[in-house]
Number of protein chains: 2
Amino acid sequence: MQRWNSWGEAGHDYPLPEHALHYLADLIGPGYPLEEVLLETVSTKVAESRLANHSLVNKDPEVRVCYARGHSFADWLAKKSGQIEMVPDGVAFPESRDDILQLLEWAEQMDCNLIPYGGGTSVVGHINPQAGARPTLTVSMSRLSQLLALDKESLLATFGAGTTGPQVEAQLQAHGFTLGHFPQSFEYSTLGGWVATRSSGQQSLGYGRIETLFAGGRLETFQGSYYLRPFPAESAGPDLKECVLGSEGRLGILSEVIVNISRLPRFEAFYGLFFPDWQAGIAACQQALQQRIPLSMLRLSAPEETETFLRLSDKQNAIRWLEKLLVMRGAKAGRCQLLVGVSGEKAQCHHAWKQLRRISRFYGGVNTGQLIGQQWQRHRYRNPYLRETLWQAGYGVDTVETATQWLHIDSLRQAMEQALRSALHDDAEQVHVFTHISHCYAQGASLYTTFVFRLGETYDITLARWQKLKAAVMQAIVTHGGTVSHHHGVGVDHRTFLPSTKDEQQLKAISALCQHFDPNARLCAHNLLPPNFDILLTTTGPTASDDLSHVLKDTTDVVA
Amino acid sequence: MQRWNSWGEAGHDYPLPEHALHYLADLIGPGYPLEEVLLETVSTKVAESRLANHSLVNKDPEVRVCYARGHSFADWLAKKSGQIEMVPDGVAFPESRDDILQLLEWAEQMDCNLIPYGGGTSVVGHINPQAGARPTLTVSMSRLSQLLALDKESLLATFGAGTTGPQVEAQLQAHGFTLGHFPQSFEYSTLGGWVATRSSGQQSLGYGRIETLFAGGRLETFQGSYYLRPFPAESAGPDLKECVLGSEGRLGILSEVIVNISRLPRFEAFYGLFFPDWQAGIAACQQALQQRIPLSMLRLSAPEETETFLRLSDKQNAIRWLEKLLVMRGAKAGRCQLLVGVSGEKAQCHHAWKQLRRISRFYGGVNTGQLIGQQWQRHRYRNPYLRETLWQAGYGVDTVETATQWLHIDSLRQAMEQALRSALHDDAEQVHVFTHISHCYAQGASLYTTFVFRLGETYDITLARWQKLKAAVMQAIVTHGGTVSHHHGVGVDHRTFLPSTKDEQQLKAISALCQHFDPNARLCAHNLLPPNFDILLTTTGPTASDDLSHVLKDTTDVVA
């Protein structure tokens, strides 16, 4: 049974060792947990549904509460405190494309809004019903989870859009294939959700982001059904797939997703390296990417994260041994851990790893073999569970992510970490902040920053702390050349920052597409565009986007 | 001086050896050339410009004729015969973004249409002015050809959109970088044109298609200037870059293009292999791609093309030697030539080539070393010049290209070739047809088919022959699972076939975008969408796309 107000199945806990909590208490002070409300209690307070009955729709209050919020920190606070402002008026469980088309029609009759719901794992408010005159119908895609077609020659597979990570892999691996998309939310998130939010998996360096994996599919819209054919490549006008990717439910409901798949790799390994400092680690990653070494993962922890991982590990004997090796080889304070993944044909993996080691040696890297990599692989989906462990100990934890060019990667990290560390100064609260690069590209990389802080004495105080932290770090991101999101999407939480990433003309173009497909704004109108943006829309006359120029300016070397 | 009615600079000719023309005459009969009209003669007949004077606009009749047509076979016939229905009313030569914005404003005042013009190398009618009440202003981008910014850390370069292939490479190579985009039109085509038509270079397997290389830039539209920031990756809503890619001039005029660049490869080589038959060659390519061997080119000629190349070569001594080797090693009739490129770090290239040889051996491939590859590299941009040589000998030559999944690649090639071979049966004319795979993907490949036929006794008869050939092969493409274009674009010539590739909902979405950015339809309204498609546009109510279902159906294995 999935926990209604936390991550994962009941009984799947990942306790932290005693010394880890001491380490945290030393850094930011002892934590005091907050009391939680029971599902039964919340459910009794839910307002009556404003929807009529429908054979596909469940209006049970408990079900409605369970589908009300995602997994942002604010969502957790809402669920744990029971202060859930809005729950959907019903949850539909379509079992076919026809069911979806029927629900779209019914939504017009009912004058209600619709929220497509995959795994409910959004961390930016995508699937949260909004207050308003119209009822909200959440559409769970959970019953559209089958492999529908498999083209083994062309490596194409068609799935129902509600297929979760484990369901995708189980159905493909039975035939000897893999999708290779492993985001941290893998256990619950779905194909449709990945596409709608432009998800990126841990091994995207090898398999590609969902943009690369998404080959086509069907989108059910108020204008009719829309089929994207899976050509390997084409020059037949604008690529509409790229408008469905990241559409965050605003254009229609994805019913079927066609993906590019791979044969199961014959070999796979994850290695751990340590660089003497951040600059050396960055340079090695940059060079590996720019030389196109065919790796499947690069994951570089900055010094604070490297130390935190070493200190929090439950294998302290092994760590002491590792510590000796690292100090002996010159990787002392300031060292950075790099995880390297290779997947595919054995000879190719060996050659790629050999080349990576060559670069690593040049930058003073210390190779510690596969132990750390194996440990990482075993626990690759564990972090969301640790949020609950920390919560029980009285700590809040959240993450924020962005991407930028290599030129800005260092200044952006510093700005983000500084913003978070100082955000609660007025409250005299310390924040433990650490960062890693989760995804590398030839042009730049993502930054994934974790921040741990103490829960307040009340839910309101805790929410205020989190809001200060989030606002401070988002401001740092957009003023230091980062995108509003690298792999979590825009949703409600990032939409006011979107104009720093996409200029006014692009927002207008997206708005025009939304208006075309969903003229009555029933589909997730809260996502993506800044509030009230649509009323800015004009169809004639030039407009200036100069007021954003300070944000948009790129500090590249100008050739004289 | 660039030839006005043919490819390339005057004096750059590529004569075919005598025996090659005999070979052709044996296959399809002797050719009889048609008489050509002089530029001076055509220019005197040009109607007066309907545009007012403007400091940026040249209204000289000779200039207007030179900018009137591209390089489709029909364009050549128009220029060689002098029967050019429409020439632009003027040609503008902007030198800055401001100039472009000024021209957009002036176009509204003049009530004229605009055609952005890069290298004029379109083969599907993109840059041809259309008859109508409005004057047409062609906007040559030739003076926007500078490297504007270079970020050596992040491998990003910003260019004026009118920069041609040689200008791009010269400016980048001076700093040790390359774009790696080498379409056959390289010598004249431009960055802006590549982006607007979704171009693909000969080494796209290594460097990526223009979609991969296009990182951002500026589009000047009637709604204002639109800036696409070059983030390495992001999940910040729909990717509007992918709507500019393939927009074929309909949304605005690209002024600046930011591209992902690479360091100049330290090693590069092209090898020639021969497979006993087409199936073996296909299987080897498919496996190389699906195993992600990091090659920079794979180019597989079907048997007819392989034989044609061997017979047409001007190195018949070497060919005789090669012939002996091939026969001895079992590659006889039906053999297929594969060109393999590797580019990058030496060790990586050697390893990739080693892996490719392993696959090749498995499928009976014969490695003939680098001679054929070097020959190909030396003449990589020669084919457009051969069109003139054949023209002078009384033959017409054209090419058609598409892409499809591996599952359909064989049936599609057969259908295309059969359609072309039989298209002129009623005229009792033979057509020499041969095909290669120019670009490979894990999911499928492109097909590039060349057809040679005899010119008719008049221009009208010749045009009719070409039209029959083109119609027959396009019909074969869309009914056998091919996309309307893999790298030439849609333009005028393919737009009626577009509904087989993109369904009604997608065409409507593109139409909505065009209407948003260009409400008065001044920008290349002839390109991309089927004629009169815009009037089909409705904004409410579901519509069926079922009438296209026979075309859209994919014949993949359905999982029970």
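Before moving on, here are some points about what is shown:
- Some residue of region A:283-295 being surrounded by fewer than 24 Cβ atoms within 10 Å (Cβ to Cβ), farther than 20 Å from B:Lys502 by Cβ and in contact with a Cys (Cβ under 6 Å, 6 or more places away or on another chain): yes
- Among the residues of region B:116-156, those that are of a type outside the set (D, E, K, R) and not in a loop (DSSP other than H, G, I, E, B) comprise B:Pro116, B:Tyr117, B:Thr136, B:Leu137, B:Thr138, B:Val139, B:Ser140, B:Leu147, B:Leu148, B:Ala149, B:Leu150, B:Leu156.
Okay, residues lined up against (1) part of a helix (DSSP H, G or I); (2) among the hydroxyl-bearing types (Ser, Thr, Tyr); (3) not assigned by TED's automatic domain parsing to the domain that holds B:Ala415:
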site: B:Ala471; (1), (2), (3): yes, no, no
site: B:Gln475; (1), (2), (3): yes, no, no
site: B:Gly489; (1), (2), (3): no, no, yes
site: B:Ala509; (1), (2), (3): yes, no, yes
site: B:Leu513; (1), (2), (3): yes, no, yes
site: B:Ala525; (1), (2), (3): no, no, yes
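- A:Ser411 vs. criteria touching a residue at least 60 places away in the same chain (Cβ under 8 Å), within 14 Å of chain B (Cβ to nearest Cβ) and of a type outside the set (A, V, I, L, M, F, W, C): yes
- Test: residue in region A:242-260 that is among the β-branched types (Val, Ile, Thr) and either over 25 Å from the mean Cα position of the chain (by Cα) or not assigned by TED's automatic domain parsing to the domain that holds A:His175 (or both): no
- In region A:172-187 there is no residue that is at the interface with chain B (Cβ under 9 Å from one of its Cβ atoms) and closer than 30 Å to A:Arg387 by Cα.
- The set of residues in region B:213-260 being farther than 22 Å from B:Phe93 by Cα, more than 9 Å from every other protein chain (Cβ to nearest Cβ) and outside any strand (DSSP E or B) consists of B:Leu213 alone.
- Residue match in region B:151-162 (condition: farther than 20 Å from B:Trp7 by Cα and more than 14 Å from chain A (Cβ to nearest Cβ)): yes
- Residue within region B:346-363 that is in a helix (DSSP H, G or I), free of Cβ contacts under 8 Å to residues at least 40 places away in the same chain and crowded, with 18+ Cβ neighbours inside 10 Å present: yes
- Those residues of region B:261-297 which are under 30 Å from B:Leu147 (Cα atoms) and part of a loop (DSSP other than H, G, I, E, B), in sequence order: B:Ile261, B:Leu264, B:Pro265, B:Arg266, B:Pro294, B:Leu295, B:Ser296
- Restricting attention to region B:491-507, the residues that are touching a residue at least 40 places away in the same chain (Cβ under 8 Å) and assigned to a helix (DSSP H, G or I) add up to 4.
- Being more than 11 Å from every other protein chain (Cβ to nearest Cβ) and modelled with pLDDT of 95 or more holds for only one residue in B:Ala196, B:Ala302, B:Ala283, and it is B:Ala302.
- Of the residues making up region B:414-451, those that are among the polar types (S, T, N, Q) and in a helix (DSSP H, G or I) are B:Gln414, B:Gln418, B:Ser422.
- Where B:Val484 falls short, out of the listed (1) aliphatic (A, V, I, L, M); (2) surrounded by fewer than 24 Cβ atoms within 10 Å (Cβ to Cβ); (3) within 14 Å of chain A (Cβ to nearest Cβ): (2)
- B:Ala476 at pLDDT 95 or above, of a type in the set (A, V, I, L, M, F, W, C) and surrounded by fewer than 21 Cβ atoms within 10 Å (Cβ to Cβ): no
- Residues that are charged (D, E, K, R), within 14 Å of chain A (Cβ to nearest Cβ) and farther than 27 Å from B:Glu429 by Cα do not occur anywhere in region B:54-73.
- Output for region B:88-124, where each listed residue is away from chain A (no Cβ under 14 Å), in contact with a His (Cβ under 8 Å, 6 or more places away or on another chain) and more than 18 Å from B:Thr221 (Cβ to Cβ): B:Gly90, B:Gly120
- Residue ID - surrounded by the fewest Cβ atoms within 10 Å (Cβ to Cβ), chosen from residues in region B:177-202 that are closer than 17 Å to B:Leu240 by Cα and touching a Pro at 6+ places or on another chain (Cβ under 8 Å): B:Gly192
- Screening A:Ala236 with (1) in contact with a Pro (Cβ under 6 Å, 6 or more places away or on another chain); (2) buried (at least 24 other Cβ atoms within 10 Å of the Cβ) gives one miss only, at (1).
- Condition met for A:Gln184 (in contact with a Lys or Arg (Cβ under 8 Å, 6 or more places away or on another chain) and in contact (Cβ under 8 Å) with a residue 60 or more places away in the chain): yes
- Any chance A:Leu103 is among the aliphatic types (A, V, I, L, M) and in contact with a helix residue (DSSP H, G or I) (Cβ under 6 Å, 6 or more places away or on another chain): no
- Enumeration of residues in region A:400-413 that are surrounded by fewer than 21 Cβ atoms within 10 Å (Cβ to Cβ) and touching a helix residue (DSSP H, G or I) at 6+ places or on another chain (Cβ under 9 Å): A:Asp410
- Flag if A:Gly364 is within 23 Å of A:Leu205 (Cβ to Cβ) and among the small types (Gly, Ala, Ser): yes
- Filtered residues of region B:109-157 (kept if surrounded by fewer than 24 Cβ atoms within 10 Å (Cβ to Cβ), of a type in the set (Ser, Thr, Tyr) and over 25 Å from B:Pro61 (Cβ atoms)): B:Ser145
- Subset tally (residues that are over 26 Å from A:Pro94 (Cα atoms) and among the aliphatic types (A, V, I, L, M)) for region A:175-204: 0
- Restricting attention to region B:159-176, the residues that are outside any loop (DSSP other than H, G, I, E, B) and either over 23 Å from the mean Cα position of the chain (by Cα) or among the aliphatic types (A, V, I, L, M) (or both) add up to 5.
The values are calculated or read from the model by the stated rules, or taken from the named source; none is laboratory data. Since this is a predicted model, take the numbers as computed values, not measurements. Cβ: placed from backbone, ideal geometry, glycine included. Neighbour counts: every protein chain shown.
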